[in-house]
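The values are calculated or read from the model by the stated rules, or taken from the named source; none is laboratory data. The shown structure was predicted, so the numbers you read here are calculated from the model rather than taken from an experiment. All Cβ positions, glycine included, derive from the backbone under ideal geometry; neighbour counts span all protein chains shown. Heads up: the accessible areas ignore ligands, DNA and RNA and are worked out on the full protein's heavy atoms, side chains in. Shrake-Rupley method; radii C 1.70, N 1.55, O 1.52, S 1.80 Å.
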Amino acid sequence: MRNFIRTSGWKLIHLRQMEQSDQKYLRTLISEGEHQELDFKFEISDARKIAKTLSAFSNTDGGRLLIGVKDNGRIAGVRSDEEFYMAESAATLYCKPEVQFQSHSYLLEGKTVLEIYIPPVLQKPVYAMDENKRWMAYVRVGDQNTLAGIVQLQVWKEADKERGKLLEYTRKEEMLLRYLEGKDAVSLSRIQRDMGYQRKELVSLMTNLVLFNVVEMSYIDTNSCFRLVESPGEKSG
């Protein structure tokens, strides 16, 4: 009996320590505010909206979704079982391919917060079904989910294909690179307008230049933008 009481007491202390550790971890996360790898949701009322976030995290650097936390970081709390099933529906019914995630529930201020961790995927893109039942791919830009640009989609499509080790420059590539010299990030539509390329042709040119790490692609607001890489051909670790 003594051994049982002593073991039970140790377990109680250990559980309290785990709870305190969990609460510290969660408070630290919330104090970071929303960013590229962290999103707060008051609740899950629409599985399609959550699917967009799952797609964006999967296609970028992965991330954590805290459900039961308001945008300002205040704890609202949720019924974790209901929210988990909604998240599961988003991942299995409204994402293609299905998104694999890990989940954990925390008790903070007497309220339950559900954490969902979505790892980045190797085979991109992951699509999410929108309100019009179209499959769309998203990326995470800052604390926002943004539609992946057409060049990004082509880069993903071409990434695993066999390519030569050298990029052959034609006059079109030379003109394009000369245009980008000395410029900050320029949108695809502006390049097309300034240089007069056909859309399909420009997308193909930019895709190759991005794949060979000659041009860098980024997002400004919701627009895909491009600029020359400082050391072309050298990919950062």
message: Quick check on my filter: what residues within region 65-91 are open to solvent by 50 Å² or more (accessible area, probe 1.4 Å), closer than 17 Å to residue 108 by Cα and touching a residue at least 24 places away in the same chain (Cβ under 8 Å)?
response: 70, 71, 79
message: Taking the criterion of being of a type in the set (A, V, I, L, M), under 22 Å from residue 100 (Cβ atoms) and at pLDDT 80 or above, would at least one residue in region 9-28 satisfy it?
response: no
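Among the residues that make up region 107-114, is at least one of them open to solvent by 60 Å² or more (accessible area, probe 1.4 Å), under 30 Å from residue 153 (Cα atoms) and not aliphatic (A, V, I, L, M)? Talk me through it step by step, then tell me what you get.
Our first condition is that a residue be open to solvent by 60 Å² or more (accessible area, probe 1.4 Å); within region 107-114, this holds for 107, 109-111.
Retained after the next criterion (residues that are under 30 Å from residue 153 (Cα atoms)): none.
No - not one qualifying residue is present in region 107-114.
Out of 190, 140, 134, which single residue is farther than 23 Å from residue 56 by Cα and either loosely packed, with under 14 Cβ neighbours inside 10 Å or among the basic types (Lys, Arg) (or both)?
Values: 140 fails: farther than 23 Å from residue 56 by Cα; 134 fails: farther than 23 Å from residue 56 by Cα.
The unique qualifying residue is 190.
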- prompt: For region 57-86, what are the residues that are within 17 Å of residue 115 (Cβ to Cβ), part of a helix (DSSP H, G or I) and at pLDDT 95 or above?
  reply: 57, 58
- line: Within region 102-135, of all residues that are out of contact with any strand residue (DSSP E or B) (no Cβ under 6 Å at 6 or more places or on another chain) and free of Cβ contacts under 8 Å to residues at least 60 places away in the same chain, the one nearest to residue 82 (Cα to Cα) is 110
field: Residues of region 69-91 satisfying the condition of being of a type in the set (S, T, N, Q), within 16 Å of residue 102 (Cβ to Cβ) and within 21 Å of the chain's Cα centre (by Cα)
entry: none
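Residue-wise test of (1) closer than 25 Å to residue 64 by Cα; (2) of a type in the set (Val, Ile, Thr); (3) loosely packed, with under 15 Cβ neighbours inside 10 Å; (4) at pLDDT below 95.
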| site | (1), (2), (3), (4) |
| --- | --- |
| 93 | yes, no, yes, no |
| 99 | yes, yes, no, no |
| 103 | yes, no, no, yes |
| 119 | yes, no, yes, no |
| 126 | yes, yes, no, no |
| 129 | yes, no, no, no |
| 152 | yes, no, no, no |
| 157 | no, no, yes, yes |
| 175 | no, no, yes, yes |
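Could you list all residues from region 22-52 that are aromatic (Phe, Trp, Tyr) and open to solvent by 60 Å² or more (accessible area, probe 1.4 Å)?
Restricting attention to region 22-52, the residues satisfying the condition of being aromatic (Phe, Trp, Tyr) are 25, 40, 42.
Of everything in region 22-52, those that are aromatic (Phe, Trp, Tyr) and open to solvent by 60 Å² or more (accessible area, probe 1.4 Å) turn out to be 25, 42.
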task: Considering only residues that are among the aliphatic types (A, V, I, L, M) and open to solvent by 20 Å² or more (accessible area, probe 1.4 Å), look in region 193-210 and name the one that is nearest to residue 138 (Cα to Cα).
output: 210
